[in-house]
There are 2 protein chains.
Amino acid sequence: MTITGPRKDATIHATHPRDAAAPVVPPGSRRVGVGIDEVHLDPSGFWGHRQHTNRRATLEHCRSWMEQLGWLENFDRVARGDRTTGRPGWQFSDSEVYKLLEAMAWELGRLPDDDLQQTYDTLVERVRAAQDADGYLNTAFGHPGLPARYSDMAMGHELYNIGHLLQAAVARLRTHGTDALVETAKRAADHVWAEFGEYGRPSICGHPEIEVGLMEFGRALKDDRYIRQAALFLERRGHGILPVRPLLSAEYFQDDQPIRSATVLRGHAVRALYLSAAAVDAAVDDGDLDFVDTLERQWAHTVERRTYLTGGMGSRHQDEGFGDDFELPADRAYCETCAGVGSVMFAWRLYLATGDVRYADLIERTLFNVIATSPSEDGRAFFYANPLQQRVRASAPDEGVNARAEGGSRAPWFDVSCCPTNVARTFASLAAYSAADDDGDAVLLQYMAGRVAVAGYTMDVETQYPVDGRIRITVVEAPTSGRLRLRIPSWSAAASLAVSGRSPQQVGPGWAHVEDLVTGDVVDLDLDVAPRLTWPDPRIDAVRASVAVERGPLVLCVESTDLPPGVDLQDIAIDTTSAPRIHGDGAEIDVRVRMTRNTPPGRVPYGAPSATTARKRIPVSLIPYHRWAERWPTTMRVFLPVE
Amino acid sequence: MTITGPRKDATIHATHPRDAAAPVVPPGSRRVGVGIDEVHLDPSGFWGHRQHTNRRATLEHCRSWMEQLGWLENFDRVARGDRTTGRPGWQFSDSEVYKLLEAMAWELGRLPDDDLQQTYDTLVERVRAAQDADGYLNTAFGHPGLPARYSDMAMGHELYNIGHLLQAAVARLRTHGTDALVETAKRAADHVWAEFGEYGRPSICGHPEIEVGLMEFGRALKDDRYIRQAALFLERRGHGILPVRPLLSAEYFQDDQPIRSATVLRGHAVRALYLSAAAVDAAVDDGDLDFVDTLERQWAHTVERRTYLTGGMGSRHQDEGFGDDFELPADRAYCETCAGVGSVMFAWRLYLATGDVRYADLIERTLFNVIATSPSEDGRAFFYANPLQQRVRASAPDEGVNARAEGGSRAPWFDVSCCPTNVARTFASLAAYSAADDDGDAVLLQYMAGRVAVAGYTMDVETQYPVDGRIRITVVEAPTSGRLRLRIPSWSAAASLAVSGRSPQQVGPGWAHVEDLVTGDVVDLDLDVAPRLTWPDPRIDAVRASVAVERGPLVLCVESTDLPPGVDLQDIAIDTTSAPRIHGDGAEIDVRVRMTRNTPPGRVPYGAPSATTARKRIPVSLIPYHRWAERWPTTMRVFLPVE
């Protein structure tokens, strides 16, 4: 009845009748993700709740901040030929509007709503009105009082902005069809083709995004020109054509070597991830298995040596970039929320291309521990960076525009505010990553409570996951053929699978297949989410002799708030002779309070071995990392020293 | 005969007849450092050799780079009213010229030379010719084709530049007397007083330096106006008057709180250290012991929690700044060379103010492990940042202008090239930090081979220090009264002191006094420089469960070059059951080669405890950290994991 299958299947192509209502639909792919209209998340589930908050609070939160700051007005100024100087916002602020439009488009596709529709239409009209006759669309360049078009390819972000417009248009095309936004996007893409196409200027944009936008827009419209344009941008990159400056190196822009020659992701993390996502699209559309293989190896190197326990990517604040292999400091982890989004984009495309379970595993890790961490419970404040250690109790959350929230509290908005709208569009399209049709098999990738229709199956998924490991899948409708395939997460030491009350079978990490299901069958998957200790690779110097506690897919952390009075977070050490125990939605573990060495006054903090005197053992509780700093500013640690 | 005295003596004031030829001479101070003309370093000694290389190679190296890049020509352009745009260099490039002039002035004072004098005179003339009639002097602002004077107080560096001009003039005043440079500096300082004085604009410069320059210039000229101006700048700071931008916060500029209210150094490290040095000057001149005490406490907090084993300061690349307490990563340690210079400036002033041996201890640590590390053996390439770990073998040294040498090899010049000229002026005036007259006692602070005349003593210091701990001091001339005071370094576990063959006496860290010396006496100090293991404070997460090896004042390191073939630096762990042994000018220690865990492909590098299999014990050699990357690009570690 159940079997554990191979890790991956190299075949790429198969035939599917229609485009799913999803962000990525490679034509003729053997694997197709579900459309967002094929999944209905339970609003009381972990993800359904967040999706609901996103719709109810975050969309309007983003819109009103952009209105207040003049980022929307920028479109009106261009439309009316305003020549006054002092345009508010960075050169990429247009993209925030497009990401918001993308989020709204997915939400309208998921669940129509007149008010939301009207807000969307009004926004689209303001954007459309700013478009030039030749399709050029930008509020920071190319108009009176602004720098000339394409006068700063390295940092101007003009094509980056259009990439986001195209992704928004894809959301609309796949959930609705052509509308004013799609028409606007089409004119913008045609302008890009005229300007940068085979006979245009052989340049690229400093921030990749246009590539992934053009690829999917071309797929959605079945217009090969856009795909060729994306391929041109991809091929031009890596030959050092962007001007560099101190601290903005060719590597920062991924312009240091051709994508096919690289062995690992490097430079600015979001740039690297968006670019890699587009590269998978191009490789798949070309049926270029060698290129897919190259990208898989780049991904693997990056995950094995440049990725945090949370799935976060980007170790450096200075250039928002990847560090060297095993340079993974907990306190200065950058782990930009947008890099989490980019990582999901890259991994999802590799999953569709290869069927490898590892991609879905990393997506789960990233969703629960990076993407879910960014927004506050109310959906109106966000983390930009997601460090794994907070040394200093943050000041109270700032109600204004933050530089970049580095201080241990979520902020309502940022000077560079890429993260809130990126979270918004990801939550709105989240269901698309939950399941896939793999050549007729129904594959459940992420366990989200709700109803899902895929590959002829309709299934109700009931679960309190990730707090509880029990997942009940009731087959409401079954196809005449086609298996159900379940992802058994890599962290799962013991999992059992039972069908309709028959005796459970143990299943190991990877894929578990269930055959011959009929309507009414109940599949019970029981994953062991008992808290466990996780050790870092010894090459990660920054967390040597420390362990983390995980529970199912959740990384846990200790906040100072949960320590007894008088105990400092920097003075506790885990007693690994005791196992962590379940406690609320987190865990409890025994620690010893260390007596830290007192350096003689005015001496550097290095000398004779520390004479640590362990005090009595006390239990401390850990909460899911994604909930940290929700109560009030604290100090926090994911990795705890071992006694 | 020998005694160990108190750590410090709170009295500040005493009377001295004349200004020493030294960078810092607080009027009426109880302690006065020696003049550079009172010390003759042996060119074969550790420091004498470097001073010789500095004079012979570095001065001309800096001059020719600045000529080649047009930073000198900038003065000519202003002088001839050139209106063309495209001025080369940053807005602070003038200061590099002034730091070079300061280095030349000290060198001319130390040992006159016609060629050097002519080079100096020519440079001074080019600078002088660019000065406006009202004393304003700057090549990046205030002239045709350039931004207006003082139009960017936060980042314009106009006053910063002048601060360096004043320090150069102090060097000239104290070694020679008035000349064209001094006159130019006087006009510039008068202009600053007219512009920013009691009735001028109440502003400050984003980069402190004018304060420390004005203080000493005022002392050297006995002109109280300059000292009042410095005090005004110091008092204005900390009230948020500089405009801030994302990533350039008030803290970055030390404009977040008044100097008197701060408890620790924070923000941009060089800025913080230069400012603090000036604050000590002001406190001492005012006889304000409370303020001195505040600054001592800021220094102590900074040293105890924000300082590297090398004495390096500044943990962050992003803002070249101090991090949080105990945020001291080895691999991303910034430890800018200029911050090392700033730290010596701050600590030296606190030593003069208090007589506390701790300041001289930190100066020694910083000189041997930061300042001596920056220049290459030939004095023609430099480190800007001084990390304690190099993970990736650097590419070959770049012969051109480097962004900031972050890549593990010294560079001949930088886009921001503050460090080479800062090293040059420090080496040229180095002898001034070696000894002091403390109310009639002769104090030897740093053991530099050569002859020193201080407090009536003339002494020959013979030593191979720091490689050898034996220091022989021959009294060539002795005063009728006054003791000899010797610094016994804090790292010295066992030291013995013997006078003229009498039986040696054990002395502990701190001060050792020798009384009743007469001409011909020989004092033998024997410090134990056997290699020793040094453990970090357990609150420094980044180097947990790791140790460093030190030898006397030298921090040692392992370079990959010195490992057997096939052994990777990231795979070795120290066997602390064996003691480190002397080996060349470094040490040798036994290590085990760990078998690092192989993360399953495509998995994050965290999981079950690593199954490490220790292989056979092998010895590896360590070299002084200041010599790393001298042979060819390597990987390097100061802290080694403990097995």
**OP:** Mind listing the long-range amide H neighbours of residue A:617? Cut-off is under 5 Å, sequence gap 5 or more, other chains count too, H placed in the peptide plane at 1.01 Å from N.
**Re:** none
**OP:** Find how much the distance from residue A:194 to residue A:505 grows on full extension, using 0.36 nm per residue of separation minus their present alpha carbon separation; answer in nm with one decimal.
**Re:** 106.0 nm
Original post:
So which residues in segment B:294-324 end up with at least 50 square angstrom less accessible surface once the other protein chains are there, compared with the chain by itself, probe 1.4 angstrom?
Top reply: B:304, B:318
**OP:** Would you work out what percent of the accessible area of segment A:440-527, with all protein chains in place, is carbon or sulfur (probe 1.4 Å)?
**Re:** 46 percent
Subject >> Inter-copy separations for residue A:178, label at 7 Å along Cα-Cβ, nm, ascending >> reply: 8.6
Subject >> Derived scalar couplings ³J(HN,Hα) [segment A:451-457; Karplus, 6.51 cos²θ - 1.76 cosθ + 1.60; whole Hz; x for Gly, Pro] >> reply: 10, 10, 10, 8, 6, x, 8
**OP:** Would you mind getting the accessible area per residue of segment B:440-527, heavy atoms of the protein chains only, 1.4 Å probe, in Å²?
**Re:** 37 Å²
Original post:
Restricting the count to DSSP beta bridges whose residues both fall in segment A:390-502, what percent are antiparallel, rounded to a multiple of 5?
Top reply: 75 percent
**OP:** Just name one of B:342, B:587, B:155: the one whose Cα is farthest towards the positive end of the charge dipole of the protein assembly as shown (beta-carbon charges, Lys/Arg +1, Asp/Glu -1).
**Re:** B:587
**OP:** In whole Hz, with x marking every Gly and Pro, tabulate ³J(HN,Hα) for segment A:87-92 from phi via Karplus 6.51 cos²θ - 1.76 cosθ + 1.60, θ = phi - 60°.
**Re:** 4, x, x, 6, 5, 10
**OP:** One decimal, nm, shortest first: give the distances between the label point of residue B:582 and those of the same position in the other copies, each label point 7 Å from Cα along Cα→Cβ.
**Re:** 6.4
Subject >> Tail beyond 17 Å, pair distance distribution of segment A:440-527 (Cα, percent) >> reply: 40 percent
Subject >> Inter-copy separations for residue A:506, label at 7 Å along Cα-Cβ, nm, ascending >> reply: 6.3
**OP:** Subtracting the Cα-Cα distance from 0.36 nm times the residue separation, let me have the gained length for residue B:578 to residue B:518 in nm, one decimal.
**Re:** 17.1 nm
Original post:
Quick one: what does P(r) look like for the protein assembly as shown with 20 Å bins over all Cα pairs, in whole %?
Top reply: 11, 36, 34, 16, 3, 0
**OP:** Would you kindly state how much longer the chain becomes between residue B:297 and residue B:76 on full extension, computed as 0.36 nm times their sequence separation minus their alpha carbon distance, in nm to one decimal?
**Re:** 75.0 nm
Subject >> FRET efficiency estimate (nearest 0.05) - Cβ-Cβ, residue B:476 to residue A:493, R0 56 angstrom >> reply: 0.10
**OP:** With both partners inside segment A:440-527, how many of the DSSP beta bridges are antiparallel, as a percent to the nearest 5?
**Re:** 90 percent
Subject >> Pair residue A:467, residue A:152: separation of 7 Å Cα→Cβ label points (nm) >> reply: 4.8 nm
**OP:** With a 1.4 Å probe and every protein chain left in place, tell me how much accessible area residue A:599 has, in Å² to the nearest 10.
**Re:** 20 Å²
Original post:
What does the accessible area of residue B:102 come to, in Å² to the nearest 10, when a probe of 1.4 Å is used?
Top reply: 10 Å²
**OP:** Pop out the carbon and sulfur fraction of the accessible area of segment B:533-641 as a percent, whole number, probe 1.4 Å.
**Re:** 55 percent
**OP:** Could you quote the convex hull projected area for chain A, Cα atoms only and averaged over all directions, in nm²?
**Re:** 29.0 nm²
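The values are calculated or read from the model by the stated rules, or taken from the named source; none is laboratory data. Remember, predicted model here, so these are calculated numbers, not experimental data. We place every Cβ from the backbone using ideal geometry, glycine too, and count neighbours over all the protein chains shown. Accessible surface areas use protein heavy atoms only, side chains included; no ligands, DNA or RNA. Shrake-Rupley method; radii C 1.70, N 1.55, O 1.52, S 1.80 Å.
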